[in-house]
Every structure is written in C-alpha cells, then in structure tokens.
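The values are calculated or read from the model by the stated rules, or taken from the named source; none is laboratory data. Keep in mind that what you see is a predicted model, and the values were worked out from it rather than measured. All Cβ positions, glycine included, derive from the backbone under ideal geometry; neighbour counts span all protein chains shown. Note: accessible area is taken over every heavy atom of the protein model, side chains too, but ligands, DNA and RNA are not part of it. Shrake-Rupley method; radii C 1.70, N 1.55, O 1.52, S 1.80 Å.
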Amino acid sequence: QALKSMETDKKLLFGSDCMAGKIVLQIDKMRYKDRKGDPKGFITFLDDHKLPRGLLPRYRGNRLHILFHICGQLVAHHHLFLGFLTTGTVSCGGLQTSLRSDFSQPTAIRELCVLALFGKLLTGPWMKMFYTSAMAQIDHVAGISIIKIVVAAVRKACQDPLQLLSHDEDFFGGKMQEDVIWRSVQDLCPRDTETH
C-alpha cells in the first residue's frame, strides 16, 4: 500500500498491488504456469545463464520474506531478466510485453530495490536467527533482547531512510559488504528524493 500510494508511472500489468508486487506475481506465473506462462522457456533461460532452477521460489502472495527474497533475486539479476523479457519466450502473449515494460520502469526498479532491502536488512537475518534447529534455538529472554536492539535500529533508520543504501550492517549487526544482492541494490537504486 505504501509503495503503491507513491506511484505515478503508467503501468501495463493488471492487479491491485504495487508495481513490484505485480511483477513478482507475473514472473511467478511465467515461471510456473503452463498455460499462462512458459516454464520450459524460463528454465532454458536459467540454464543458459547458469542460474539455479530454484532461483525464484514459488510465490503465493502471503509470505513477505519470500516476496523480499524474490525481489532481491530480480534486482541482483536485473539485466539478465530484462534481456529475457526482451528476447526470450514468445509463448506468453501479452504477458512478456507488459512485464518488460513495467520491469524497466524507474518506479518499479525502486520498489524492487526497497523490498530487496527489507529482505537483506530484516527478514533474511530474522529467518537465519530465529528459524533454526532445536539445538541452535535462542532462548526466550535472549530473543527479547535481540528484538529490542532490532526495533531500535529500525527506529533509527526511519529518521534517515536513504542512509540505508550506504549502510554496511543489517538490523541484527551482521556485515553485508560482500552480499551480491546488497551490492546490486546499491548499484541499481538511485539516491534521490523519490527513493527517500
């Protein structure tokens, strides 16, 4: 809702979500739906570029960490996906054309970067820390302390959101300098007032 409220670009993809949300849903359709998409062509594209077939997990529309993860992959491989949507599959009818148009819009790129950033700063480290085996579980009291630190880091980030593009730690204190998705967000996302 927050991202959609700031959109001004003309978009071709149908739906009530923001541009990035619609892109993720339509890429999912292209990757997994036989009649509406082109799973075979998509797999060929992944194989040709030596990308894992599971690069984009199936998205059902209700798991934010999966949405953020997919956006991260779309940002990290943006030029490859744009090339695929330009020269790739032809069995999707108007879906390919609409996806290519919206995927190359500056607003959509910003939205994908913002969602990927949430994945890198918050949900990815959260899943890594709290969704562990029973042997590596964090006890309740330690978990509360960690959450307090994370909430303080989020509040601080809200004061100057653009600083997050040059920040080198996630909200849990983990280092991100060598992360491919993090570097791609920094390269692809402009530091301007619309991003702010």
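At-a-glance table
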item: Accessible area of region 28-81 belonging to carbon and sulfur atoms, whole % at 1.4 Å probe; result: 49 percent
item: Ranked order, 135, 129 - accessible area, probe 1.4 Å, largest first; result: 135, 129
item: Region 1-74: chymotrypsin sites (Phe, Trp or Tyr not before Pro) in DSSP loop, at most 15 other beta carbons within 10 Å; result: 14
item: Per residue value of the accessible surface for the chain (all protein chains in place, 1.4 Å probe), Å²; result: 57 Å²
item: Region 109-196: trypsin sites (Lys or Arg not before Pro) in DSSP coil with no more than 12 other Cβ atoms inside 10 Å; result: 191
item: Cut-off 11 Å between beta-carbons: net charge of the residues surrounding residue 180, Lys and Arg +1, Asp and Glu -1; result: -1
item: Stretchable slack from residue 169 to residue 5, in nm (0.36 nm times residue separation minus alpha-carbon distance); result: 56.2 nm
item: Lysines with Cα under 19 Å of residue 156, excluding same-chain neighbours fewer than 8 positions away; result: 120, 148, 175
item: In nm, spacing of pseudo-spin labels at residue 50 and residue 183 (7 Å Cα→C-beta vector); result: 1.5 nm
item: Rg/Rg_globular for the chain, with Rg_globular taken as 2.2 N^0.38 Å and Rg from C-alpha atoms; result: 1.08
item: GNM result for the chain, Cα springs below 10 Å: residue of 23, 43, 149 fluctuating most strongly; result: 149
item: Distance between modelled label sites at residue 152 and residue 58, nm, 7 Å Cα→Cβ extension; result: 4.3 nm
item: Using θ = phi - 60° and Karplus 6.51 cos²θ - 1.76 cosθ + 1.60, couplings along region 13-30 (whole Hz; Gly, Pro as x); result: 6, 7, x, 9, 7, 5, 4, 5, x, 5, 4, 4, 5, 6, 5, 4, 4, 5
item: Relative contact order, percent, the chain [alpha-carbon distance under 8 Å, six or more residues apart]; result: 22 percent
item: Estimated distance in nm for a label pair at residue 139 and residue 33, the labels positioned 7 Å out from Cα along Cα-to-Cβ; result: 5.0 nm
